[in-house]
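The values are calculated or read from the model by the stated rules, or taken from the named source; none is laboratory data. Keep in mind it's a predicted model, so treat the numbers as computed, not measured. As a convention, Cβ positions derive from the backbone with ideal geometry for all residues, glycine included, and neighbour counts pool all protein chains shown. Areas reflect the complete protein model, heavy atoms only, side chains present, ligands, DNA and RNA absent. Shrake-Rupley method; radii C 1.70, N 1.55, O 1.52, S 1.80 Å.
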2 protein chains.
Amino acid sequence: MDTPSRLAGPPAVVTARALARRLGVSQSMVSRAFSPGASIAPEMRARVLRAAEELGYRPNVIAAALSRRRSSIVAIVMAELTNPFYPAVLERLTAALQAAGLQSLLFTVPPGQPADSCLPLLRQYHVDAVVITSASLTSAGAAEWLGDGRAAVLFNRTAAGPTPLDSIACDNLAGGRAAAEALLAQGRKQLAFVAGRADTSTSQDRERGFRAMLAERGLPPPLRVEAGDFSYESGHRAARSLAGRADGIFFANDILALGGLDALRHDAGLRVPEDVAVIGFDDIPMGAWPAYRLTTLRQPVPAMVARTVELLQARLGGTAGPPTGERLPAELVRRGSA
Amino acid sequence: MDTPSRLAGPPAVVTARALARRLGVSQSMVSRAFSPGASIAPEMRARVLRAAEELGYRPNVIAAALSRRRSSIVAIVMAELTNPFYPAVLERLTAALQAAGLQSLLFTVPPGQPADSCLPLLRQYHVDAVVITSASLTSAGAAEWLGDGRAAVLFNRTAAGPTPLDSIACDNLAGGRAAAEALLAQGRKQLAFVAGRADTSTSQDRERGFRAMLAERGLPPPLRVEAGDFSYESGHRAARSLAGRADGIFFANDILALGGLDALRHDAGLRVPEDVAVIGFDDIPMGAWPAYRLTTLRQPVPAMVARTVELLQARLGGTAGPPTGERLPAELVRRGSA
DNA sequence: AGAGCCTTTGCATCCGTATGCAATCACGCT
DNA sequence: AGCGTGATTGCATACGGATGCAAAGGCTCT
């Protein structure tokens, strides 16, 4: 007597063979009925599909993956799920992949660590492609992965060095420039930049854009504080060290900026935006809350996700040119902090 | 000439057969070297493992899944990734599963919808088990899934009705009581409860506990507002309707409470905790931020995750009793809002 | 030395689907 | 009527590992 909750051996599933036998056709026909573009008569396909519906047959994806040597599974590697920007990305990404007939296998790596440590596992699971976000891949890792004929896309990161990796990010350079422009337009004199993880392309590019704009205007470079990572606490710390020394601060991302805002207001007793203006980057939901009203640069997440999935499909279909590094424009969202 | 970025057909992988041939043994031996507890001489195993290391052989999980009829893949179904409580759960859960040799296939469903719509997909992917969080399963769905001999665990939800589903949650009843106790101990006279999604066990149980404690003390029941869902905006709205009418508000979770705090302070111009005390539930990171300093009931996420994985492993191993509904204790975290 | 037993190994087959190739069929054309 | 052509279909096998069963080897004990 098994309780229903007990795992009672392999479940009885309807296989393609069983369905075929029942219809008096060969198993191949069942398989072809489910492969778009296969050689099969329309009536036959209809007959098979109807019977499949009735008997509850669904192709076994595992078996198909083994046979076709392609799993329809995409790995998503994430390092910073605690930064509220990424859950939103993850949600949209899995939804978009799901809509494209792909499933998402989720892997996490410690922040700052390259995604290389996941590769063996990815290989074991024969995932077709990997989307790496809030992390990167060493050149060696990339070469190894791509050399195997698999696809990889960096999301919200750009490839460091000559790795032939596709990447989708927003135009952090232009975003950095826009931040500088917005602060200068308000007559801020002493600007500052708070960097996140120093080794991330996001922080670097945003800073480069910011500095470039100041340089073009013939202004001195901004003060600079390195927060060390992308966290509320680090932003808090960074802002404390900057309090009173700057009247316009551009944080490498929103979560830093929120920490910064709290430090400026609660610890340093400054008024934002009167005493000091603050601009972030990402546009996370909390930035819009009345307690913060953070002016920020909005990343076009829906567009970025859509392009990622398109790119992935192109690569998986074999139709794709050389690796691209796409940059979608960020949009300045003016709220109360600047 | 293929560019390295082009998907160039099936990658060349080392198979168990190839490795076996190279060692002059049978493929079975390679297989057994990788299955703990298999009948194989220790030296043979060592030899195989060393050779595997050298040649970069890793068992093909897809093939193993097909053969063993068990995939080592656990589906995680989530509905509310935008509530910051869940990303943290997701991160810990995937990490814990990964450590247990299981992978996480992520599915999302619209909030409020039962997870049933994922079942066909889960079945297709032959996942061994499913962890459902911030969503539930209809009795029919549960019966179907469990009847197939698969495992399911509700996380942070309890089963509605007589479904034989395992569930791991925190003790929401006791948490609700503790919230009431804390507010009463401060001399608050007019208490209120802000419900989230009315059909969730979390909101219901927290409310029941809250009311029970008031009843025990011989006090009238609290005011009650139904926010409708678990979101910042709903909390904001709910609190506005409560402003001035209550001096102690218990929100069904933190994200509601944060919205509520902002409404009370910025819209209603009230002082927290002087004019009105606020207590939340979950302990999300933002609650600790200086802008909020939210007093709340902390869910023991690490323990809940650990128990979930243990339970899953027991079920998958076939050693497990009847379905359990475990309740881990919540801890009151006193901060500035109450 | 022979019998009995346990351990280790190989053999063969199965998991469920995809697909190249050959066979079949219908149809149109000369 | 005979043949060519294209569309369908079935057959057989591959994908990479897991595993029941029997064979082989080593050991102890009588």
If you scan the range B:208-245, which residues turn out to be more than 26 Å from the chain's Cα centre (by Cα) and at positive phi? B:Gly218, B:Gly244
Within the range B:14-35, residues within 8 Å of DNA strand C (Cβ to nearest atom) and surrounded by fewer than 15 Cβ atoms within 10 Å (Cβ to Cβ) come out as B:Gly24, B:Ser26, B:Gln27, B:Ser28
Among (1) within 16 Å of DNA strand C (Cβ to nearest atom); (2) touching a residue at least 24 places away in the same chain (Cβ under 8 Å); (3) open to solvent by 10 Å² or more (accessible area, probe 1.4 Å), there is one condition B:Ala52 misses while meeting the rest; what is its number? (3)
If the Cβ limit is 7 Å and pairs must be 6+ apart or interchain, which residue in the range B:32-49 that is charged (D, E, K, R) pairs with which residue that is part of a loop (DSSP other than H, G, I, E, B) and exposed (fewer than 15 other Cβ atoms within 10 Å of the Cβ)? B:Arg32/B:Ala38; B:Arg32/B:Ser39
Considering the range B:13-70, residues that are away from chain A (no Cβ under 14 Å) and among the polar types (S, T, N, Q), and then whichever is farthest from A:Leu66 (Cα to Cα), we arrive at B:Ser39
Residues of the range B:38-48 classified as open to solvent by 70 Å² or more (accessible area, probe 1.4 Å) and of a type outside the set (Ser, Thr, Tyr), total: 3
Among the residues of the range B:235-254, what is the count of those that are assigned to a loop (DSSP other than H, G, I, E, B) and open to solvent by 20 Å² or more (accessible area, probe 1.4 Å)? 4
Residue count, the range A:30-44, condition of a type in the set (A, V, I, L, M), outside any loop (DSSP other than H, G, I, E, B) and more than 6 Å from DNA strand D (Cβ to nearest atom), comes to 2
Subset of the range B:163-172 (residues that are among the hydrophobic types (A, V, I, L, M, F, W, C) and surrounded by fewer than 21 Cβ atoms within 10 Å (Cβ to Cβ)): none
Which listed residue, of B:Ala277, B:Ala314, B:Ala257, is within 14 Å of chain A (Cβ to nearest Cβ) and farther than 17 Å from A:Met286 by Cβ: B:Ala314
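The rows are residues; the columns are (1) in a helix (DSSP H, G or I); (2) over 18 Å from the mean Cα position of the chain (by Cα).
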residue: A:Leu256; (1), (2): yes, yes
residue: A:Asp262; (1), (2): yes, yes
residue: A:His266; (1), (2): yes, yes
residue: A:Val272; (1), (2): no, yes
residue: A:Phe281; (1), (2): no, no
residue: A:Val305; (1), (2): yes, no
residue: A:Leu312; (1), (2): yes, no
Check on B:Leu219, over 22 Å from B:Val278 (Cα atoms), assigned to a loop (DSSP other than H, G, I, E, B) and either in contact with a Leu (Cβ under 9 Å, 6 or more places away or on another chain) or not assigned by TED's automatic domain parsing to the domain that holds B:Gly244 (or both): no
Name the pairs whose Cβ atoms lie under 9 Å apart, with the first residue in the range A:143-166 and touching a residue at least 40 places away in the same chain (Cβ under 8 Å), the second of a type in the set (Asp, Glu) and not in a loop (DSSP other than H, G, I, E, B), and 6 or more positions between them or separate chains? A:Ala151/A:Asp166; A:Val153/A:Asp166; A:Thr158/A:Asp205; A:Ala159/A:Asp166; A:Asp166/A:Glu326
Name the single residue, out of those in the range A:297-328 being β-branched (Val, Ile, Thr) and either buried (at least 17 other Cβ atoms within 10 Å of the Cβ) or in contact with a Phe, Trp or Tyr (Cβ under 7 Å, 6 or more places away or on another chain) (or both), that is nearest to A:Arg70 (Cα to Cα). A:Val309
Can you tell which of B:Ala140, B:Ala160, B:Ala152, B:Ala169 is away from chain A (no Cβ under 11 Å) and touching a Lys or Arg at 6+ places or on another chain (Cβ under 9 Å)? B:Ala169
Being within 13 Å of another protein chain (Cβ to nearest Cβ) and assigned to a loop (DSSP other than H, G, I, E, B): is that true of A:Ala291 here? yes
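Quick grid of which residues meet (1) open to solvent by less than 10 Å² (accessible area, probe 1.4 Å); (2) of a type in the set (Phe, Trp, Tyr):
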| residue | (1), (2) |
| --- | --- |
| A:Thr94 | yes, no |
| A:Ala100 | no, no |
| A:Ser104 | yes, no |
| A:Asp116 | no, no |
| A:Val130 | yes, no |
| A:Ser136 | no, no |
| A:Trp145 | yes, yes |
| A:Val153 | yes, no |
| A:Gly161 | no, no |
Per the filter on the range A:57-78, residues closer than 11 Å to B:Ala63 by Cβ and surrounded by 19 or more Cβ atoms within 10 Å (Cβ to Cβ) are A:Ile62, A:Ala65, A:Leu66
Based on what the data block shows, is B:Asp229 part of a loop (DSSP other than H, G, I, E, B) and among the acidic types (Asp, Glu)? yes
Going by the conditions given, is A:Ala185 away from chain B (no Cβ under 14 Å), open to solvent by 10 Å² or more (accessible area, probe 1.4 Å) and out of contact with any helix residue (DSSP H, G or I) (no Cβ under 9 Å at 6 or more places or on another chain)? yes
Residue selected from the range A:208-234 under the condition under 17 Å from A:Gly175 (Cα atoms) and charged (D, E, K, R), by the criterion least open to solvent (accessible area, probe 1.4 Å): A:Arg211
